[in-house]
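Below: one structure, written as structure tokens.
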Amino acid sequence: MFFRVYPWSLKQCLSVETRYRAAWIVPISSSPISGGIVVVANGRVAAVGEYDGTAAEDLGNVAILPGLVNAHTHLELSWMRDRVPPSDSMPKWAAQLMALRRTVSAEPVAPIVDAVAEARRAGTCLIGDVTNTFATFEPLLDSEISAVLFRELIGFSAGDPEALVAQAGRQIAELTPIEWLRPCLVPHAPYSVSPALLQAIGKANRGKPLSVHLGESAQETQFLNDGSGEWRALLESLGAWNPSWTPPACGPVEYVEQLGLVDRHFIAVHGVQFTDEDLARLQRVSASVVACPRSNKWTGAGEPPIDRFYGSGVRVGVGTDSLASVEDLNLFAELAEMRRLAPGVPAARLLRSATLDGAEALGFAGDFGSIEPGKLAQLIAVRLPGDVPDVEEYLVGGVEPADVMWLDA
Ligand SMILES: [Zn+2]
């Protein structure tokens with residue numbers, strides 16, 4: 001295992017100061033700068049602004065931007081790449097995934113290592129990684145990627161929620177404490193976690209990011225309304241149905257809000273089915289929604305209302321979801337799908353979602369998400385094809401990993 005003090009490269013740590021000049025600097029927290037400069041010292045951004053004529057390493061026709069934030073994936077499912085076919089019904093897709101997962105006793109590690117490297121090559125510096133096993137902890141530790149590790153609990157008929165939470169808490173306590181890998185406890189979804197377990201997780205995880213799959217499929221809305229439908233059938237087939245459960249007959253956000261889960265640390269992943277009221281409830285408390293549109297297409301959940309996400313004023317992050325439901329871990333490809341679904345949303349807003357909004361949602365905005373003095377110099381340069389009239393629009397049009405370089409590489 002390679003020991004990392006913080007995700008600083010050796011080159012950056014050894015050099016007192018490096019000055020990078022490029023065709024464009026995209027700080028995210030301010031407007032793009034044509035022909036700008038970024039000054040890096042001791043692994044952090046020292047300055048950013050107009051080129052001042054002093055000596056600098058000229059990177060040429062590239063755009064320098066902060067590393068991207070993939071706010072939702074499941075790296076441990078990487079071995080399922082191309083093994084769970086697309087579906088028109090999310091419960092049917094999930095049943096296929098569960099059947100496949102039962103064929104292994106542990107998550108294979110090599111595909112996780114490959115996936116971490118793939119995410120890095122595509123410009124990712126920070127990940128919100130959902131895990132049931134912490135199989136991803138060591139591969140992430142050996143990488144330059146920082147992460148929130150969402151230890152996910154599942155149990156719709158769980159007998160002793162407090163004991164489940166305590167057991168997961170002990171797992172977390174056994175991990176080596178690492179500043180840039182932050183474990184916390186999260187529930188899977190409202191149709192797979194009992195109200196008592198949802199409440200227990202919320203209580204135990206207070207003050208930390210809490211992500212949950214929410215408002216994903218139409219079948220989830222049906223299930224919360226009257227307890228019927230494909231999710232109910234799946235729970236019954238698994239022997240996990242709880243006959244004493246009473247459907248809340250309300251929207252998904254209101255449901256988890258009643259159970260004490262929704263505050264500024266709350267991250268609602270997917271939101272394909274969200275109404276304006278769901279979004280307003282999140283926006284009121286500065287919670288976040290994370291869009292994973294390519295996965296939604298794959299699983300049959302549908303198209304997320306990207307326009308309404310932004311119209312509501314809620315913080316919007318972006319995630320690829322796992323390789324079981326997406327072609328790759330390239331967040332630029334996810335942005336291109338968001339652009340396709342919401343051509344009217346300003347490119348600057350989409351870029352902010354893939355950087356600063358994601359970092360804020362994951363509680364890492366002090367170090368990541370924008371090019372500002374004091375933040376970590378986890379910066380990428382994206383090769384531009386000749387003259388680009390609108391650099392932000394270009395960056396949300398789909399960028400291939402081959403055109404992404406790390407400044408510290
Ligand atoms: Zn997910």
Having 1 or more residues that are under 30 Å from R21 (Cα atoms) is the bar; report the helices (runs of 4 or more DSSP H) wholly within region 289-381 that clear it. 331-341, 347-352, 358-361
Between a residue in region 269-282 that is closer than 14 Å to D307 by Cβ and any residue that is more than 16 Å from the ligand (Cβ to nearest atom) and open to solvent by 40 Å² or more (accessible area, probe 1.4 Å), which pairs come within a Cβ distance under 8 Å, given they are 6 or more apart or on different chains? V272/E303; F274/R308; D276/R308; L279/R308
Which of the following residues is small (G, A, S), free of Cβ contacts under 8 Å to residues at least 60 places away in the same chain and within 14 Å of the ligand (Cβ to nearest atom): A189, A204, A200? A189
Go through region 261-304 and count every residue that is within 16 Å of the ligand (Cβ to nearest atom), closer than 27 Å to R206 by Cα and open to solvent by 30 Å² or more (accessible area, probe 1.4 Å). 1
Selection count where residues are more than 23 Å from R121 (Cβ to Cβ) and open to solvent by 30 Å² or more (accessible area, probe 1.4 Å), scope region 341-364: 8
Matching residues in region 373-409 - criterion: being within 15 Å of L351 (Cβ to Cβ), open to solvent by 10 Å² or more (accessible area, probe 1.4 Å) and of a type outside the set (D, E): L384, V388, Y394, G397, G398, V404
With the structure loaded, tell me whether G239 is open to solvent by less than 10 Å² (accessible area, probe 1.4 Å) and on the phi > 0 side of the Ramachandran plot or whether it fails that test. no
Has region 119-142 got at least one residue that is farther than 23 Å from G358 by Cα and open to solvent by less than 10 Å² (accessible area, probe 1.4 Å)? no
Looking at the structure I just gave you, is E220 modelled with pLDDT of 95 or more, within 14 Å of the ligand (Cβ to nearest atom) and outside any loop (DSSP other than H, G, I, E, B)? yes
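Per-residue answers, yes or no, for (1) closer than 28 Å to E118 by Cβ; (2) of a type outside the set (D, E, K, R); (3) at pLDDT below 95:
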residue: E230; (1), (2), (3): no, no, no
residue: W241; (1), (2), (3): no, yes, no
residue: L259; (1), (2), (3): no, yes, no
residue: D263; (1), (2), (3): no, no, no
residue: K297; (1), (2), (3): yes, no, no
residue: S322; (1), (2), (3): yes, yes, no
Pull out all pairs, ordered by first then second residue, where Cβ-Cβ is under 6 Å, the residues are six or more apart or on different chains, the first lies in region 384-409 and is farther than 15 Å from A117 by Cα, and the second is modelled with pLDDT under 95 and open to solvent by less than 40 Å² (accessible area, probe 1.4 Å). Y394/V388; D408/S9; D408/Q12
Quick check: anything in region 253-266 in a strand (DSSP E or B) and in contact with a Leu (Cβ under 7 Å, 6 or more places away or on another chain)? yes
If you go through region 305-323 one residue at a time, do you hit one that is more than 16 Å from the ligand (Cβ to nearest atom), under 30 Å from V40 (Cβ atoms) and surrounded by 24 or more Cβ atoms within 10 Å (Cβ to Cβ)? yes
Just one of (1) within 16 Å of the ligand (Cβ to nearest atom); (2) farther than 16 Å from D321 by Cβ; (3) in contact with a Gly (Cβ under 8 Å, 6 or more places away or on another chain) trips up A95, so point out which. (3)
Quick check, is Y51 at pLDDT below 95 and surrounded by 14 or more Cβ atoms within 10 Å (Cβ to Cβ)? yes
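The values are calculated or read from the model by the stated rules, or taken from the named source; none is laboratory data. Only a predicted model underlies this, so the values are computations on that prediction, with no experimental measurement involved. Because the Cβ atoms are built from the backbone with ideal geometry, glycine has one as well, and the counts that use them run over all protein chains shown. Surface accessibility is based on the protein's heavy atoms, side chains included, excluding ligands, DNA and RNA. Shrake-Rupley method; radii C 1.70, N 1.55, O 1.52, S 1.80 Å.
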